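Read the structure below first, then the notes.
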There are 4 protein chains.
Amino acid sequence: MNFASDNVWGAAPEMLAALAAANGGAMPSYGEDPLTERLAEEMARVFERPVAVFPVISGTAANALALATITPPHGAILCHEDAHIVTDECGAPEFFTQGARLATLSGHNGKLAPETIGQALSRFVIGSAHSSQPAAISITQATEWGTCYRPEEIAALAAVARHHGLKLHMDGARFANAIASLGCTPAEATWKAGVDVLSFGATKNGALAAEAVIFFNPQDAHDFEFRRKRSGHLASKLRFVSAQLICALEENRWLAWAARANAFARALTGGLRGIDGVEIVCAVEANAVFAWLPQSMIQRLRAEGASFYDWSAPAGGRTLVRLVTSFATPEHDIERFLEIACQ
Amino acid sequence: MNFASDNVWGAAPEMLAALAAANGGAMPSYGEDPLTERLAEEMARVFERPVAVFPVISGTAANALALATITPPHGAILCHEDAHIVTDECGAPEFFTQGARLATLSGHNGKLAPETIGQALSRFVIGSAHSSQPAAISITQATEWGTCYRPEEIAALAAVARHHGLKLHMDGARFANAIASLGCTPAEATWKAGVDVLSFGATKNGALAAEAVIFFNPQDAHDFEFRRKRSGHLASKLRFVSAQLICALEENRWLAWAARANAFARALTGGLRGIDGVEIVCAVEANAVFAWLPQSMIQRLRAEGASFYDWSAPAGGRTLVRLVTSFATPEHDIERFLEIACQ
Amino acid sequence: MNFASDNVWGAAPEMLAALAAANGGAMPSYGEDPLTERLAEEMARVFERPVAVFPVISGTAANALALATITPPHGAILCHEDAHIVTDECGAPEFFTQGARLATLSGHNGKLAPETIGQALSRFVIGSAHSSQPAAISITQATEWGTCYRPEEIAALAAVARHHGLKLHMDGARFANAIASLGCTPAEATWKAGVDVLSFGATKNGALAAEAVIFFNPQDAHDFEFRRKRSGHLASKLRFVSAQLICALEENRWLAWAARANAFARALTGGLRGIDGVEIVCAVEANAVFAWLPQSMIQRLRAEGASFYDWSAPAGGRTLVRLVTSFATPEHDIERFLEIACQ
Amino acid sequence: MNFASDNVWGAAPEMLAALAAANGGAMPSYGEDPLTERLAEEMARVFERPVAVFPVISGTAANALALATITPPHGAILCHEDAHIVTDECGAPEFFTQGARLATLSGHNGKLAPETIGQALSRFVIGSAHSSQPAAISITQATEWGTCYRPEEIAALAAVARHHGLKLHMDGARFANAIASLGCTPAEATWKAGVDVLSFGATKNGALAAEAVIFFNPQDAHDFEFRRKRSGHLASKLRFVSAQLICALEENRWLAWAARANAFARALTGGLRGIDGVEIVCAVEANAVFAWLPQSMIQRLRAEGASFYDWSAPAGGRTLVRLVTSFATPEHDIERFLEIACQ
């Protein structure tokens, strides 16, 4: 019963088949291969427009490279204080941007509000060499709290961004879960709402190690190739990363997998909600459940082999925990988890 | 007939099997998994001592991370002017070291000589804040010219390094080819000869994307984990990278594959040597052949579908070309290549 | 009537005399001169112990170099959200540290409280490569709000720092004003209270361009010389910077000048406090006064030629303004300012 | 008898007078002052066109900031192997450019030749993400070997630069000595010959600490202000740096001082040339003399108090030394030096 993260699970069997299929014979290396070309076509189909696609192997790389491409060293990136780029990447954005500032903001349910951005911007002196210069807004979709920005919420942030000359980046490590949940198209949740660059995640959703940086305006990507190579993120046999991404997109597997993970999260939520002493935090809109559980229940679950992270220190006999589901979560683990929880 | 590089070929079938075997169930992410632990044991076996092993996915990342860990920003790295870190990594060492200097030196057959190092060191003012401070020597094994350093050659460079307080790094993107060629043990060609840190390559030799940074003195690796994470090179499902490296080491497959590639290079060399107008450059000690070929022969080969890189501009009716072989090179491609060359 | 900043005023006449006196003949460059040696002795006298002293020419350089020396690239620096290093240095700390994080905290009167530090530290995962690693606390003395940390307040922060293995940096751009105000010794306000490294400012207090980075434990400065040179902050004719600092320290001029500036601030405060509609914000403990002034009064003052910065947007018919005094402020400007304010 | 460097001498008396004159009253800080404005006018006069002028306090800062503004992190800067930026700045260009490459080239008399540049460029793969991308050529005027580029030599290098899309930077730490020697106008030796950005030095030639970065195409300077501030090189009381530069330019003092230093170098050369066992190296076109002196002569000179640097190890009973003269060199020191040399 592993609910620690969606990256504790392996890859979908289709992924391994895709790697085997990609393995035949010689192909140009460093992204000049036909699979990487085909990936661009798949992404264009999914996003309903030509896009610049750059496969990489980690979400941290995708985010940091994307942000560095749109933010100068003297720039500032406005983001939620709980954003993965703030709390879990050991300063990767600062490393890749060569020292830009993460301006961290608070917000309900892991989301940024336009007014918060507006207030934050007023702390910078635009055009003054004494002040870091706001250059980008970064949002996470689905958020670190398992919620999803609706397209109109994104559009409202994009309007602020455009008004102030900022680029809008979306950390889509769980973009699939968001799209599966929102019921809108990938286009509606990104460029049609004003997103400039997307970190498209597949690793947490079926792949072994495959993410893509997607620029909706290819000219924004002008020096991306140099940044990717220079940071060691241009895999020589790139075909194997591209093959994973194609596999996810084909037959819309990515959405099916994400929908499955989301359904497990809803099932967990539904089961937990009825139990005495349990309190669900935030709307469960993707594949993560945040819940206050009684200490005794937590001990019982762990004693029976359940894995999950504490998200707070114990307080008043209970602890906030995070439960993450995956396409690969055994259905029976959900049932068993709830069974133990109910005892 | 693809002799452009060893990274144009796919992975060994055993690699795909290893990935499939690694795919079962949940495992801790970010390198806390049992496969990564087992990799450390395999490497200890291969190198006959405990080592600190860090799997990454590209040779550029391995080199840059290794060098950054042993070189301060104000440091200098002495290396061959044709080193991959100089010519093919877009300044990755400078990026990861935060601006250290590559001091490029010449040397026969792609090798550095101790006297060259000595002379180069005399250009720096040790201890003076006006001068970059020599911190490391980096050598490539097998070299970019397809030759191999013998253990005593490495030991001579290591003696200079130790005498001047420098660390010795080995770019082992083709380390397997060197070991298969030299007939010594991995230990003899590394730490026993004075190597401090090795970029151990598997991608060019059977894997999809798997390299490892190996510190022979684990204390040298003190902040490596932060550097790897911060640069986006800590794969979340690291088990899949570790599984590839284990697969290579098990049953000494890495050496068998490399020996096969080396044998192909020798076969190419043998066949070419007898042909009028062909001149082999450098000893062919690994899986690369450098040869001056008549222009007409080059045209004929390419017309028949052979791929390889020019390594010089045309001069006097001939061009220097590089031919790289792989474990996966079809044997019949060698024969066919020589057949066309002879016509 | 210029109250915009203390750096709008020139230098004390004694400074120009000191430069002239330092100008005779040839001296070794780059800090090997006898004046820089003598500066170290003066600082040792002032701080009652040997210290490592490095003259530079700007406060931004002093802060950024000091912080970079004690913070690794993956480190985090805890500081007040209104700190100069956060709001006025265009990301210099990030540039010099190669991308460390400024973790910004709130606090009354521009001061950090130990509990705030404690809470902030709990957001980092110590030892985990996923998280930036807290490395330093930076405080400003006198603060950006014109208040001063008392030695026991500093000691309380230093205790937290030591407990968590952090270094304590003090931005002393207005250190003189603080010492003149607190009535303690420079030693009591720094190393005796646990400060590890001090940016000692003279530019705002009599000098043309002279600051010093002072390490109380010289071993902390191990690579400082390389950082200073590499950033272009080792002036070739360093004697002229050292001469300014010696001039300030000799005969305790620095404290006399600062006391004069402080007295002007108190006089301004005293005069303003009695005026209807004026509200003084924060205790006036150094040479800055923060006051809400009626909009009409502000217009009247500016019409008569007074210079000062707004510190808020207008609200309810009044605006928060900052008034900074200097040793060089003409006494008569204070009187005139208050006269116009009273009208 | 100090011939170690031109920066061992103090400032011209006119400089101290200029500082005193600049010291009256309050002025806006950070370069918004009337003196900095007037400096721009003076520079426009001297260079016969409007230019973007940025005063800083060290030549290392000027060079590194200039180069960083015209070179991306993945760029390469072509320069002489003996250039100050290579040998004496501890990697400042790499620090400010965030890791660009210095591609070091050889050349007679400290000068780069167009053919050398052409050959060096052929080692890069333009447009390929695998290769650092040539972005700038940097030359030193007067060179590190005391020679001067003639305008037509500069124009030939500029033609190569323009043809390959590179910018041309001139390290003019001793620009005054070159102009005084060449007898051309500052414009002819810079923008008229194709120089894009100049590090204009005054510190070695009369000032206390004053250099300027001059962009001949102001749009090239687009983000310079952020780079200067972020690196701590925007002095708060910038008027004092600007005042020094104005003082140098006014009445063409800079050229008179440089001419005096040059004349001393010629006098030294003339005197030494006649002495048995002395060999002058390079044409003496500025204020530095490179000469092989017999070991016994060197000992005699040093015993009598002469200071100068060895520029080689002893070889065959003699050593190459560097003798640098300054406007401030006492005339009598030249005579005495030659007297001792002749004994």
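Nothing in this text is a laboratory measurement; each read-out follows from the coordinates by a stated rule. Please read all numbers here as calculations on a predicted model, not as lab measurements. Using ideal geometry, Cβ is built from the backbone for each residue, glycine included, and neighbour counts are taken over all protein chains shown.
Based on the Kirkwood radius over alpha-carbon pairs, what value in µm²/s does the Stokes-Einstein equation return for the translational diffusion coefficient of region B:254-341 at 25 °C and 0.890 mPa s?
Numbers: Rh = 13.0 Å.
Roughly 189 µm²/s, to the nearest whole number.
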About the Cα centre, and with charges only on the beta carbon of Lys, Arg (+1) and Asp, Glu (-1), how big is the dipole of the protein assembly as shown? Nearest 20 debye, please.
0 debye
In terms of Cα to Cα distance under 13 Å, which aspartates and glutamates are near enough to A:K192, apart from those fewer than 8 places away along the same chain?
A:E48, A:E152, A:E153
Determine the shielding of peptide C:323-330 by partner chains: average, over its residues, the number of Cβ atoms on other chains within 10 angstrom of each Cβ.
1
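Using Cα pairs closer than 8 Å and at least 6 residues apart in sequence, work out the relative contact order for region B:239-334, in percent.
Values: 122 pairs, mean separation 28.3, N = 96.
Relative contact order for region B:239-334 comes out at 29 percent.
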Region B:258-343 - charge dipole about Cα centre, Lys and Arg +1 at Cβ, Asp and Glu -1, debye rounded to 20:
100 debye
Return the long-range amide H neighbours of B:Q133 (sequence gap of 5 or more, or a different chain), with a cut-off of under 5 Å between placed amide H atoms.
B:G75, B:A76
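Please report, in debye to the nearest 20, how large the charge dipole of chain B is about its Cα centre when each Lys and Arg carries +1 at its beta carbon and each Asp and Glu carries -1 there. Mind dumping the intermediate values first?
Working: 27 positive and 35 negative charges, 70 e Å.
So the magnitude is around 340 debye.
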Over every pair of different alpha-carbon atoms in chain C, take the mean of 1/r and invert it; report that Kirkwood radius in Å.
20.7 Å
Residues whose placed amide H lies under 5 Å from that of B:K167, excluding near-sequence neighbours:
B:A136, B:I137
Going from the fewest other Cβ atoms within 10 Å to the most, one would list D:D196, A:D82 as A:D82, D:D196
Please arrange A:I214, B:I154 by counting, for each residue, the other beta carbons lying within 10 Å of its beta carbon, fewest first.
B:I154, A:I214
Which value, in nm² and rounded to one decimal, describes the direction-averaged projected area of the C-alpha convex hull of region D:1-129?
12.0 nm²
Search the structure for amide H atoms under 5 Å from the amide H of C:A210, placed 1.01 Å from N in the peptide plane, and list their residues when 5 or more places away or on another chain.
C:A202, C:T203
Cα-only Rg/Rh for region B:69-185 with Kirkwood Rh rounds to 0.96
Past 27 Å, Cα to Cα, is the threshold; run C:K111/C:K167; A:K204/A:K237; A:K111/A:K167; C:K111/C:K229 against it and keep the listed order.
C:K111/C:K229
Cα centroid of region D:200-223 to Cα centroid of region D:98-133, whole Å:
25 Å
Starting at the first residue of region D:256-267, write each ³J(HN,Hα) from the Karplus equation 6.51 cos²θ - 1.76 cosθ + 1.60 with θ = phi - 60°, in whole Hz, x for Gly and Pro.
5, 4, 5, 4, 5, 4, 4, 4, 5, 5, 5, 5
Return the ratio Rg/(2.2 N^0.38 Å) for region C:166-296, where Rg is computed over Cα atoms only.
1.27
Calc'd 3J(HN,Hα), region B:38-51, phi into Karplus 6.51 cos²θ - 1.76 cosθ + 1.60 (θ = phi - 60°), Hz, glycine/Pro = x, comes to 5, 4, 4, 5, 4, 5, 4, 5, 5, 9, 6, 5, x, 9
Let me know the Rg and Dmax you get for the protein assembly as shown when you use only its Cα atoms, in Å.
33.1, 106
Looking at D:T329, D:A313, D:G277, which one has the Cα that reaches farthest to the positive end of the dipole of region D:254-341 (charges on Cβ: Lys, Arg +1; Asp, Glu -1)?
D:A313
Other copies of A:S307: label-to-label distances in nm, shortest first, labels 7 Å along the beta-carbon direction
4.0, 6.4, 6.7
